[in-house]
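Q: Just dropping this structure here.
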Amino acid sequence: MGAVDPLKDIEHYAQVMKAPRIRESAARLAEQARSDGWSHEDYLAAVLSREVTARESSGTQNRIRLAGFPTRKSLEEFNFDYQPSLSREMVAYLGTGVFLTQARNVVLLGPPGTGKTHLAIGLGIKAAQSGHRVAFATAVDWVARLKAAHAGGKLPAELARLRQIGLIIVDEVGYIPFEQDAANLFFQLVSSRYEHASLILTSNLPFVRWGDVFGDQAVAAAMIDRIVHHAEVLTLKGASYRLRNTGIDTLPSVRADNAAQ
Ligand code: ADP
Ligand code: MG
């Protein structure tokens with residue numbers, strides 16, 4: 001008998017298939033299979049599962065990296081005791097990512113420091129873990145991107161490209177008012193995703209104040225209509241979490257926002 005080593009063949013095939021984890025686990029799991037009396041099927045399943053698990057987690061890591069989150073925040077880290085009126089069940093449900101398959105939206109409203117960005121990132125990470133592509137940016141950054149595409153005559157292509165991303169997160173709608181053309185570009189983003197793909201938006205302003213942000217009540221109304229038609233709107237309340245141990249109760253801007261609500 002020649003020196004036939006099936007593990008060498010497995011190594012070769014794994015390399016051709018670009019499945020490095022099969023290469024690594026084949027010999028080790030074969031020994032375990034022999035000593036624990038696994039069937040051939042058990043062994044093959046164990047080897048393949050190493051590859052699939054590793055691929056899934058590297059896919060998730062890629063999606064998280066490409067999402068452009070400003071920082072990592074998880075839903076698990078969120079302290080619901082600090083937001084008693086927020087439904088844990090709703091947040092957990094959104095964490096399953098089912099809303100993405102239905103192209104539904106999520107709107108997070110509330111004063112500064114109440115966890116809007118935290119929840120948006122936490123939901124974004126869950127979405128990435130469940131296999132969805134995600135892109136995070138502030139409203140100002142999204143408008144800058146759309147403006148650049150528009151200036152280059154590539155707005156329709158850019159909107160089509162963005163539609164391939166299952167979840168777009170628009171943070172901080174309302175921190176800075178838009179110019180008229182920016183408002184129109186943003187409206188086009190919302191329209192192009194309507195019933196196709198999801199948005200998560202965060203804002204420190206209630207919907208009634210969005211007209212001021214977009215400089216046009218009609219554009220704002222048409223946009224809000226599309227956003228909330230299929231959406232969960234979560235309202236966060238209270239003092240800034242950032243200030244919780246400082247003895248400062250509210251920020252001046254918080255009082256102004258609350259007064260307008
Ligand atoms: P917002 O976007 O509403 O202004 P952030 O999400 O940026 O607020 O929250 C401010 C800081 O406080 C972040 O570091 C965030 O992780 C933290 N934070 C806010 N609310 C909570 C909470 N309920 N539980 C845990 N951390 C929170
Ligand atoms: Mg924020």
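Q: Could you list, in sequence order, all residues of segment 49-81 that are of a type in the set (Ser, Thr, Tyr) and out of contact with any Gly (no Cβ under 7 Å at 6 or more places or on another chain)?
A: Hits for segment 49-81 are Ser49, Thr53, Ser57, Ser58, Thr60, Thr71.
Q: Can you tell me which residues in segment 108-163 are more than 20 Å from Leu86 (Cα to Cα), within 11 Å of the chain's Cα centre (by Cα) and not small (Gly, Ala, Ser)?
A: Across segment 108-163, the qualifying residues are Gln129, His132, Arg133, Val134, Phe136.
Q: Still on this structure: Of all the residues that make up segment 12-29, how many are assigned to a helix (DSSP H, G or I) and crowded, with 17+ Cβ neighbours inside 10 Å?
A: 7
Q: Under 7 Å between Cβ atoms, at least 6 apart or on separate chains: pull out the pairs that start in segment 28-57 with a residue that is modelled with pLDDT under 95 and end on any residue that is basic (Lys, Arg) and open to solvent by less than 90 Å² (accessible area, probe 1.4 Å).
A: Arg50/Arg21; Glu51/Arg21; Ala54/Arg21
Q: Is segment 108-119 home to any residue that is out of contact with any helix residue (DSSP H, G or I) (no Cβ under 6 Å at 6 or more places or on another chain), charged (D, E, K, R) and within 16 Å of ligand 1 (Cβ to nearest atom)?
A: Among the residues of segment 108-119, at least one is out of contact with any helix residue (DSSP H, G or I) (no Cβ under 6 Å at 6 or more places or on another chain), charged (D, E, K, R) and within 16 Å of ligand 1 (Cβ to nearest atom), which makes the answer yes.
Q: Then there is this: Write out, first by first residue and then by second, each pair whose Cβ atoms fall under 9 Å of each other, whose residues are 6+ apart or on separate chains, and whose first residue, in segment 204-220, is free of Cβ contacts under 8 Å to residues at least 40 places away in the same chain and under 16 Å from Leu108 (Cα atoms) while the second is part of a loop (DSSP other than H, G, I, E, B) and open to solvent by 10 Å² or more (accessible area, probe 1.4 Å).
A: Filtered contacts from segment 204-220: Trp210/Gly174.
The values are calculated or read from the model by the stated rules, or taken from the named source; none is laboratory data. Only a predicted model underlies this, so the values are computations on that prediction, with no experimental measurement involved. Backbone-built Cβ (ideal geometry, glycine too); neighbour counts: all protein chains shown. In case anyone asks, the SASA skips ligands and DNA or RNA and just uses the protein heavy atoms, side chains included. Shrake-Rupley method; radii C 1.70, N 1.55, O 1.52, S 1.80 Å.
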